[in-house]
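The values are calculated or read from the model by the stated rules, or taken from the named source; none is laboratory data. Please read these numbers as outputs of a predicted model, since none were measured by experiment. Cβ coordinates were reconstructed from backbone atoms using ideal geometry, including for glycine residues, and neighbour counts include every protein chain displayed. Just so you know, the surface numbers come from the protein's heavy atoms only, side chains and all, with ligands and any DNA or RNA stripped out. Shrake-Rupley method; radii C 1.70, N 1.55, O 1.52, S 1.80 Å.
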Amino acid sequence: MIVTDIDIAKQALNADDIIAIPTETVYGLAGNAFSNTAIEKISRLKQRPFFNPLIVHIKSAAAIDEVATDIPDIAQKLGNTFWPGPLTLILKKKSNVPDLVTAGKPTVAVRVPNHPITLNLLQQLDFPLAAPSANPFGSISPTSAAHVHNYFKTDLTVILDGGNCENGVESTIVGFEDNQAVLYRHGAISLEEIEATIGKVIIKSKNDVDPTAPGMLTRHYAPSTDMYLTTNVAEYIQLFAGKKIGLLLFKESIDNTFVTHQEILSKTGNMKEATKELYAALHRLDQLKLDVIIAEKFPDNNLGKTINDRLQRGVEK
Ligand code: TXA
Ligand code: MG
């Protein structure tokens, strides 16, 4: 059921049920972060492997002490600058945060989402909300209530509708190792913006860590249609001539008879708009039963890095 009444959401959450919530990044599948019953329901519905921990959503930067401790100064500074907003910090967890939420890790992922409905909801609850993105494990994240409904149908009884997500891509994840900030996931806040606040950040690439480490699974954010990522879209169209081809392009359309459908993410070349439209365009392309999706590689700076990261993970086999 798609609803806008937060009393319905509140009732479900207070009864250890799970619901979908809107955030400024993507929709989340949320439950009481202190309830093992709720967390188990999230993992079951999402078909998420046990080793992948969840983000805990808190109502304000001041509420950080409810779930984390020993907060580094640079973390505090990032929280003060970007919260509420699409930044997740990995901090030392307090013992009241269940191991099911953190997958047994000594750290907890925390953020204050910047969406009026969800902030209002959080302020009326006695607990924070653990929430992964509201999609089956590995598939494209939802940026509208309809996307969530298409994934879970009647298995999810409450979807709180907050419209289309403003940022359209997941939060940026930053952790701390030896008092140094480390980027674990590119996201809605660019690396450049983070570095403008706290200076140089270490970037963890997939090759530096165990592939089962959080956020590092390669095939992720993937459409079910075969997808290719290239700087030379025209060449790939020739390669697949005769097939049903869909294109995902930054700003300019391509005139070619072999192309069945094309999605232009921002006609004015605005990277923020392109990011907002990315998943909705992928969802549309994926529903057309195409033989292949050819995606154009973005300029590798600012939010272009985040878009390229998601597209790259979407093409991994
Ligand atoms: O924008 C977002 O972050 C959305 C909205 C709903 O808030 N949530 C989201 O959650 O993207 P999810 O579960 O799809 O991705 C969370 C990522 C995962 O890659 C997980 O491994 C990582 O955060 N993570 C969670 N706890 C962690 C921890 N203690 N250490 C390192 N990574 C962690
Ligand atoms: Mg996810």
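Miscellaneous remarks
- Within region 79-115, considering residues that are of a type in the set (Gly, Ala, Ser) and free of Cβ contacts under 8 Å to residues at least 12 places away in the same chain, the one nearest to residue 25 (Cα to Cα): 104
- Leading residue by the ranking (least open to solvent (accessible area, probe 1.4 Å)) among those in region 65-101 that are polar (S, T, N, Q), away from ligand 2 (no atom under 16 Å from the Cβ) and outside any loop (DSSP other than H, G, I, E, B): 69
- Residue within region 41-54 that is among the hydrophobic types (A, V, I, L, M, F, W, C) and within 25 Å of residue 191 (Cα to Cα) present: yes
- Some residue of region 149-157 being assigned to a loop (DSSP other than H, G, I, E, B), of a type in the set (Val, Ile, Thr) and under 19 Å from residue 38 (Cα atoms): yes
- The conditions of being open to solvent by 40 Å² or more (accessible area, probe 1.4 Å) and under 25 Å from the mean Cα position of the chain (by Cα) are not met by residue 243.
- Every residue from region 173-190 that is in contact with a Ser or Thr (Cβ under 8 Å, 6 or more places away or on another chain) and more than 16 Å from ligand 2 (Cβ to nearest atom): 174, 175, 183, 189, 190
- Test: residue 280 is under 20 Å from the mean Cα position of the chain (by Cα), in a helix (DSSP H, G or I) and of a type in the set (Gly, Ala, Ser): yes
- For region 107-119, the condition holds for no residue, the condition being that it is more than 14 Å from ligand 1 (Cβ to nearest atom), within 25 Å of residue 15 (Cα to Cα), over 12 Å from the mean Cα position of the chain (by Cα) and aliphatic (A, V, I, L, M).
- Pick from region 161-185, criterion more than 21 Å from residue 203 (Cβ to Cβ) and within 12 Å of ligand 1 (Cβ to nearest atom), ranking: surrounded by the fewest Cβ atoms within 10 Å (Cβ to Cβ): 166
- Considered as a group, the residues in region 28-64 that are among the charged types (D, E, K, R) and surrounded by 13 or more Cβ atoms within 10 Å (Cβ to Cβ) include one that is farthest from ligand 2 (Cβ to nearest atom), and that residue is 59.
- Residue list for region 253-264, filter: in contact with a strand residue (DSSP E or B) (Cβ under 7 Å, 6 or more places away or on another chain) and either part of a loop (DSSP other than H, G, I, E, B) or within 17 Å of residue 291 (Cα to Cα) (or both): 253, 254, 258, 259, 260, 261, 262, 263
- For the residues 129, 91, the requirement of being within 17 Å of residue 71 (Cβ to Cβ) and in the same structural domain as residue 172 (by TED's automatic domain parsing) singles out 91.
- Here 145, 130, 134 are screened, and the one residue that is within 20 Å of residue 3 (Cβ to Cβ) and more than 8 Å from ligand 1 (Cβ to nearest atom) is 145.
- Of all residues in region 98-114, those satisfying the criterion of being closer than 14 Å to residue 68 by Cα and of a type outside the set (A, V, I, L, M, F, W, C) are 98, 99, 102, 105, 106, 107, 111.
- Odd one out for residue 125, checked against (1) open to solvent by less than 70 Å² (accessible area, probe 1.4 Å); (2) closer than 29 Å to residue 280 by Cα; (3) assigned to a loop (DSSP other than H, G, I, E, B): (2)
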